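Single-structure report; data block below.
Any read-out appearing in this document is the output of simple, stated calculations on the displayed coordinates, not a laboratory observation. It should be emphasised that the depicted structure is a prediction, and the values quoted were computed from it without experimental measurement. Cβ sites come from the backbone with ideal geometry, for glycine too, and all protein chains shown count toward neighbours.
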Amino acid sequence: MDVEQFRIKARNWLAEHVEEFSDFDPADLTAGREFRRALWDAGLLGITLDRAYGGAGLTDDHQRAFDEEASKYSLPPMGEAVTTGICAPTLLDFGTEEQKKRHIPRMVRGDEVWTQLLSEPGAGSDLAGLQTRAVRDGDEYAITGQKVWTSGAMDSDFALCMARTDPDLPKHKGLSMFIVDLKAPGVDIRPLRQMTGDAHFNEVFLDDVKVAADQMVGAENEGWRALTAMLTHERLALGAGTGAGGSGSGWTRPASARFIDTARRLGSSSDANVRQELVKLYIAERILAFVGQKMRDEIAAGIPVGSKGSVAKLATALISRQSASVGMAISGAASQAWDAADPAGAVLATAMCFSPMTAIAGGTSEIQRNTIGERVLGLPKEPQTDRDIPFRDILQNPVKK
Ligand SMILES: Cc1cc2nc3c(=O)[nH]c(=O)nc-3n(C[C@H](O)[C@H](O)[C@H](O)COP(=O)(O)OP(=O)(O)OC[C@H]3O[C@@H](n4cnc5c(N)ncnc54)[C@H](O)[C@@H]3O)c2cc1C
């Protein structure tokens, strides 16, 4: 189907069906999943995804045509960033055919939700220092350790989990990646409360969790390669709106557009300072949208984007802060002590409390700056003293039993 025919198909489908999905609660993930199932069944999701995994196998131009049509509506999310933006692309890069055929269609359609079991109490920015162990016993591994900040684990079905398979190798070399069923015996998920009042992320305790050997993603002790690819996908998904679901960030209504409505409603749209801040935000969002589009085009053309994804991720974190501050400027005191009858104030206050997360999740802004300095600009690397010695010889905090 050529791009124009596809555009008309998307336009007609959206005109006919959007009404059913327009009245959604952003906190309710089921609305987004139902919408994705309907899109998938209509051939409008997984547009660029290979047909072998249930996708439509079309081009990036088809995706862009869909994004342009979809951007005219206020729609539930078309992909869950972690499942379709991070885990699915990693599985596509490193998974076996069996793993991909089993999981990819279900991930994109919204039938399976995934998360990442990476960070630990003693390993965040320095992820290669993780202490979770995977010990082989016949046809399976037994995984034991503690993960933390695991987004959405309480609602997820599976996770890509990093564990150490050989502590005699240096820290980056003895790691492997596994598909872990979060309903398996030995998995204990405990929610953590955030300053927004919500509990999006969790501590996850793994106690002798049995994982079949064929659930390893990539080769044993070479998990760092898969992890590096996963972190790149994460930065691109968060910064440039990429993902196996196919839909980029193009359809999302930018904060500046929403704020213009809010400013008009609250009567601050003629305030010169508010106008100035809105224009600055609009410019920043437009530049990021173009940068994101360029990166998506490069990926579609087979050009490796690699560490440049950190530029988009860092910009997203900066704009998120900027956007939360503009929200405060527009609504003034109403964003701090809002009328119960006006939930918009609560939305802006929550956005403010939530905004620091983009500078931490997916690698902090300091780490993105290091990556940009070292791998994009070619500046000298930070000195590392523990890179080449066996992991078991590195001084570590004892693991709690
Ligand atoms: C909302 C949210 C969701 C998350 N979801 C997940 C998830 O689903 N799965 C998961 O595994 N993890 C998740 N994380 C964890 C996240 O990846 C880590 O918090 C992050 O990588 C930082 O690690 P840390 O918290 O251990 O901080 P640390 O690594 O201890 O860093 C502390 C401070 O030191 C700075 N720092 C550290 N090293 C350097 C350096 N070399 N140079 C300069 N500065 C440095 C950091 O920038 C930071 O300011 C999430 C975090 C958040 C906030």
Could you tell me the relative contact order of the stretch 228-376? Use alpha-carbon pairs under 8 Å, at least six residues apart, and round to a whole percent. 29
Along the charge dipole of the stretch 114-222, Cβ charges K/R +1 and D/E -1, which of S125, P167, T150 sits furthest on the positive end? S125
Those trypsin sites (Lys or Arg not before Pro) from the stretch 67-164 that are DSSP loop and have at most 16 other Cβ neighbours within 10 Å turn out to be K72
Which entries of K72/K101; K183/K313; K100/K147; K147/K313; K9/K183; K171/K294 show an alpha-carbon separation above 30 angstrom in the structure shown? K72/K101; K183/K313; K9/K183; K171/K294
Please work out the ratio of the alpha-carbon Rg of the stretch 114-222 to 2.2 N^0.38 Å and round it to two decimals. 1.03
Where Lys and Arg each count +1 and Asp and Glu each count -1, what net charge lies around I179 among other residues with Cβ under 12 Å from its Cβ? -3
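Grab the Cα-Cα distance for A199 and R37, subtract it from 0.36 nm times how many residues apart they are, and report the gain in nm with one decimal. List each step's numbers first, then the result.
Numbers: separation 162, 0.36 × 162 = 58.32 nm, distance 2.62 nm.
Length difference between fully extended and current span is 55.7 nm.
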Taking amide H positions as placed in the peptide plane 1.01 Å from N, state which residues far from G152 in sequence (5 or more) or on other chains have amide H under 5 Å from it. F201, N202
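Rounded to the nearest 500, what is the 222 nm mean residue ellipticity of the chain from helices alone, with -39500 (n - 2.57) per DSSP H run of 4+ residues and division by all residues?
Details: 11 runs with 164 residues, N = 401.
Dividing the helical sum by the residues of the chain leaves -13500 deg cm²/dmol.
With only Lys, Arg, Asp and Glu charged, each at its Cβ (+1 for the first two, -1 for the last two), find how big the charge dipole of the stretch 1-105 is about the Cα centre; round to the nearest 20 debye.
Working: 12 positive and 20 negative charges, 58 e Å.
Value, rounded to 20: 280 debye.
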Amide H proximity to E140 below 5 Å, modelled H, separation 5+ or other chain, gives A213
Send over the Kirkwood Rh of the chain, from the inverse of the averaged 1/r over different Cα pairs, rounded to one decimal Å. 22.4
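Can you give the relative contact order of the chain as a percent, counting alpha carbon pairs under 8 Å and 6+ residues apart? Write out the running numbers ahead of the final one.
On the way: 691 pairs, mean separation 60.5, N = 401.
Answer for the chain is 15 percent.
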